[in-house]
Each structure stands twice: as C-alpha cells, then as structure tokens.
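All remarks here apply to the structure that follows.
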Amino acid sequence: MKKIIKELNELEITYENSKLKFKIGDKYNKLTIIKLVNYQEDSGRKSKGCICQCECGNIIGPIRLRNLLNGDNMSCGCYQQSIHSKQMADRNYKHGYSTRNNREPLYIIWGAMIDRTENTNRNDSKYYSEKGIMVCEEWRNDYTKFREWSLNNGYRPGLSIDRIDNSLGYCPGNCRWIPLNQQNLNKTSNRYLEYNGISKTITDWSRETGLSWNTINNRLKKGLTVGQALGYEI
C-alpha cells in the first residue's frame with residue numbers, strides 16, 4: 001500500500017528537461033490537485049506525487065506528478081470508462097453480439113479484460129494498468145476478432161483467459177483458455193522463489209522441474225531450502 005511520507009504546499013519536478021512547479025489547486029484535464037505529497041510506492045521507491053479530486057467528485061492518489069503531464073491520469077477512471085462505454089455501444093450496434101438484455105458470456109469476458117487493463121481505479125490495477133499490461137489493438141478495437149480467435153483456440157463456457165507470460169499483455173500469441181483453478185497458479189501475485197540468482201514463481205519452477213506446485217510449496221513449509229524444494233540439492 002502506498003504510504004504518504006510528507007505533505008507539502010509546492011513540489012517541483014524535472015520533466016522533459018524542464019523544471020515544473022506544482023501547487024494545490026492546479027488542474028490537469030479532469031483532475032484538481034488537493035494535496036502535494038512525498039510518498040512511498042508499493043515497491044519501496046520514494047516519489048513526488050499528489051492526491052486529486054476528479055470532476056465527478058472521486059478522490060484518487062497518491063499518483064505521480066508526471067502522470068498528470070503525460071496523460072496517464074486524466075481522471076479517476078470515469079473519463080476512460082465513458083469513452084469505453086461509447087465505443088462498446090457503437091460496437092454492440094454493429095456486430096449484434098450484445099444488447100441490453102442479452103450479452104453472450106464471451107462478450108462479458110472481453111469487456112472485463114479491457115476494464116482490468118484500463119481502469120486505474122480497480123484494486124488490482126497494480127497487476128495490470130500500472131504495469132503497462134494492455135489488450136492488443138486487434139482485440140481492443142474489434143470484439144469480433146477476439147471472438148473468432150477464442151472459438152478457434154479452445155474456448156468453451158467455464159474456461160478463463162490466461163496470459164502465458166505475465167509480463168506481456170493480452171494478444172493471440174500470449175493467451176490461452178484454461179480452467180480457473182489452473183489460472184490462479186499463474187497469477188503475478190504468486191510466490192516468487194530465487195535460486196542461483198534466478199527469480200521465478202513457484203508455478204514457473206514447477207514447469208521447469210516437473211514437480212507439482214503443491215510439492216514445492218509443502219517442502220518449503222517443512223523448512224527445506226529453495227534448492228532442496230526444487231530438487232536441485234539434497
């Protein structure tokens with residue numbers, strides 16, 4: 001969780017070789033600065049930031065000051081959602097896979113996929129939008145392309161879309177359809193283990209060693225070293 005270290009009346013940052021000053025009351029797009037702060041990010045890094053009030057009344061922050069300048073934060077998320085809603089409405093009219101009272105399950109999955117990569121107001125945004133995880137333009141702009149790929153690549157009701165490489169976004173070459181319980185083992189929030197200078201999730205080590213996730217995890221619970229848990233050491 002982000003931790004506020006100190007509140008200030010003014011802050012200065014260097015942006016594109018220029019020194020810029022920020023003060024309470026400054027407005028950028030739909031956001032007005034109501035507090036300027038030094039804060040600590042989840043990673044432990046200290047940053048200069050602000051807390052803002054959106055035109056819709058929501059409060060967000062702390063966020064980086066440079067995000068106000070480069071457009072990464074233009075609102076609390078309501079502006080992006082309104083654009084997305086309009087785009088979805090336009091697409092709904094064109095392809096007919098979603099009406100007010102009849103949305104096919106795959107369409108709902110598509111909408112949720114876009115929302116978690118673009119909505120910075122979500123609790124899990126640190127795993128998606130804040131990491132730059134996006135939906136490829138082909139899918140983002142055309143539901144029918146996503147639908148066609150899904151039906152040709154193993155989709156059936158009850159399966160969940162999964163990114164093979166969690167550092168990359170949603171695109172045909174990095175996605176697959178798997179059971180939800182299997183996807184939970186591939187989450188970015190999964191536990192990381194480091195061995196010989198290499199850090200991977202238990203899921204990734206499981207794939208490499210051929211040991212099950214539970215086997216590795218249970219060995220660690222018993223007090224074995226990482227090397228022993230992975231079967232590399234006696």
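Nothing in this text is a laboratory measurement; each read-out follows from the coordinates by a stated rule. Predicted model only: the values in this text are computed from it and were never measured. Note that we place each Cβ from the backbone using ideal geometry, even for glycine, and neighbour counts take in every protein chain shown.
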At R0 = 45 Å, FRET efficiency that the Cβ-Cβ distance of Ile24 and Ser167 yields, to 0.05:
0.75
Cα-based reach from Lys3 at 17 Å (exclusive), listing lysines while leaving out same-chain residues under 8 positions away
Lys35, Lys46, Lys48, Lys126
For the pair Glu233 and Cys56, how long in nm is the line joining their label points, each one 7 Å along Cα→Cβ?
5.1
For segment 167-172, Karplus-derived ³J(HN,Hα) couplings (6.51, -1.76, 1.60; θ = phi - 60°; whole Hz; x for glycine and proline) come out as 8, 10, x, 8, 7, x
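Give me the number: length gained by fully extending Arg122 to Glu16, i.e. 0.36 nm times residue separation minus the C-alpha to C-alpha distance, one decimal in nm. Could the numbers behind the result be given before it?
On the way: separation 106, 0.36 × 106 = 38.16 nm, distance 2.95 nm.
Gain on extension, Arg122 to Glu16, equals 35.2 nm.
If you take the square roots of the eigenvalues of the alpha-carbon gyration tensor of segment 3-70 and sort them as a ≥ b ≥ c, do you get rounded (a/c under 1.5), prolate (a/b over b/c) or oblate? Intermediate values should be presented prior to the final figure.
Values: a/c = 1.56, a/b = 1.11, b/c = 1.41.
Oblate.
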Suppose R0 equals 30 Å; then what is the FRET efficiency for Thr32 and Ala112 from their Cβ-Cβ distance, rounded to the nearest 0.05?
0.50
Quick calc, Trp177 & Asn70: beta-carbon distance into FRET formula, R0 25 Å, rounding 0.05, result 0.10
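Sorted from fewest to most neighbouring beta carbons within 10 Å, what does the list Phe22, Phe146 look like? Walk me through the numbers before you get to the answer.
On the way: Phe22 20, Phe146 26.
If I rank by nearby Cβ atoms, fewest first, I get Phe22, Phe146.
Want the number for Lys200 to Lys145: 0.36 nm per residue separation, take away the alpha-carbon distance, what's left?
Numbers: separation 55, 0.36 × 55 = 19.80 nm, distance 3.28 nm.
Between Lys200 and Lys145, full extension yields an extra 16.5 nm.
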Along the Cα-to-C-beta direction of Lys131, a point sits 7 Å from the Cα; which residues of segment 138-180 have their amide N less than 19 Å from that point?
160-180
Aspartates and glutamates within cross-link reach of Lys19: Cα-Cα under 14 Å, excluding same-chain residues under 8 positions apart?
Glu10
